[in-house]
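None of the figures in this text is laboratory data; all of them are computed from the coordinates on show. Predicted, not measured: the structure shown is a model, and the values here were computed from it. No Cβ is skipped: glycine too gets one built from the backbone with ideal geometry, and neighbour counts run over all protein chains shown.
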Amino acid sequence: MILVTGATGNVGGQVAAQLAEAGAPVRALVRDPAKARLPGGVEAVAGDLGDTASLRAALDGVGSVFLMWPLEGTGAARAAVATLAEHARRVVYLSAWGVPEGLTGTDTTEPEPGIIGNHTTLERLVRGSGAEWTLLRPGGFAANTLGWAPQVRAGEVVRMASPRAGRSLIHEADIAAVAVRALLTDELVGTAPTMSGPEVLTQAEQVRIIGEVLGRPLKAEELPRDEAHAELVATGLPPHYATGILDAHARMEAEPETVAPGFEALAGRPGRTYRDWVADHAEDFRRPHGR
C-alpha cells in the first residue's frame, strides 16, 4: 500500500491517479473522506500530518509514502516524519529546487526563513529518519498561474508585478511521473533530482499562450509591487512568503530560471510544455458558456 498526502491537490492528485492507473494500491490521507474528491481506485482515510495517532492508523499496511508538507510551519514535522519512518520503509518528499546541496540528516545549522528554509528542514528530517528516501526538487509549478484565472475570465488584461520574469514552469503531471517512479522502483532511492519544464518563458509570454489556447488575445501589464503583495496576502499567504515570492520574481527579470537537465531520463519521455499545461486546464480559464 502507498500512502499519498496532498491527494486532493494538483501534484498529489496526479500522484494518486498515476499510481492507481499503474495498478498500485493507493491510500489518500485526507481530513474528511466524505468530501474528498479523489481519483478512481484510491482509498480515502481520515487523518492529519499533525496528529500522530491518526497518522499511525492511516499507515497500517503501508510500505511507501508520498509526502507533501504545508508551506507554513514545521513544528509538527519531526514527529510526523518519525512516525512515517516507523511504519513505511520509503518516503518520497516533494521539496523544491533551491534547497542547499550537500545536506545530511545531522545538519544543525539554522535554515533561512521562508519556503526554501521549510523544505530544508523537511529534507533533513527525511534524510535522517532511517527510511529510504527520494527528494523531488521541482522548480516553479505551472499550476500557480491558475491564480490569473479570475483576471483571464474577466477581461483581456492580466496584471502581475514582474511580467518580464523568465520561468521554466513544470506541469504537475510531470512531477508526479517522477514521484511514481520513485515509489514503484528502487531507481531513485537516495537521490534528489531537480526538475523543470522544457522551456523558459516570461510571465508575459505565459499570458499570451493562455490567450492563444483560449482563442482570444490577452496581454500582461505590470502591477505595482504593493498591490501585488496585498493580492498574494489576500489569498492566504503569510506576508513574508509574499515578499519572498515577489523578490524572486524580480530577480528572474534579470536572471531567468534555467531548464533543469535530464528530465527525459527521469520520466522516460519529454516534459510537457506550458502550452500543454494550459490546454489541460483551459476550462479553468474559460469564461462561462465559452464567452
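So the values come out like this:
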quantity: Mean Cβ count within 10 Å, highest first, over the residues of peptides 171-184, 120-133; calculated: 171-184, 120-133
quantity: Burial ranking of peptide ranges 154-161, 250-257 (average Cβ count within 10 Å, highest at the top); calculated: 154-161, 250-257
quantity: The chain - Kirkwood radius from inverse mean 1/r over Cα pairs (Å); calculated: 19.9
quantity: Using θ = phi - 60° and Karplus 6.51 cos²θ - 1.76 cosθ + 1.60, couplings along region 198-205 (whole Hz; Gly, Pro as x); calculated: x, 8, 9, 10, 6, 5, 5, 5
quantity: Whole-number percent relative contact order across the chain, with pairs defined as alpha carbons under 8 Å at least 6 apart; calculated: 17
quantity: Normalised alpha carbon radius of gyration of region 61-205 [divisor 2.2 N^0.38 Å]; calculated: 1.18
quantity: Within the chain, helix-based [θ] at 222 nm, where runs of 4 or more DSSP H residues each add -39,500 (n - 2.57), nearest 500; calculated: -11500 deg cm²/dmol
quantity: Length-normalised contact order for region 169-291 - Cα pairs under 8 Å, 6+ apart - percent; calculated: 41
quantity: Inter-part distance where region 152-180 and region 7-76 are each reduced to a Cα centre, Å; calculated: 25
quantity: By average C-beta atoms within 10 angstrom, highest first, the peptides 46-54, 29-37; calculated: 46-54, 29-37
quantity: Relative contact order computed over region 1-68 (Cα-Cα under 8 Å; 6+ residues apart), in percent; calculated: 38
quantity: Per-residue HN-Hα couplings for region 224-239 [Karplus 6.51, -1.76, 1.60; θ = phi - 60°; Hz; x = Gly/Pro]; calculated: x, 4, 5, 5, 5, 4, 4, 5, 5, 5, 5, 7, x, 6, x, x
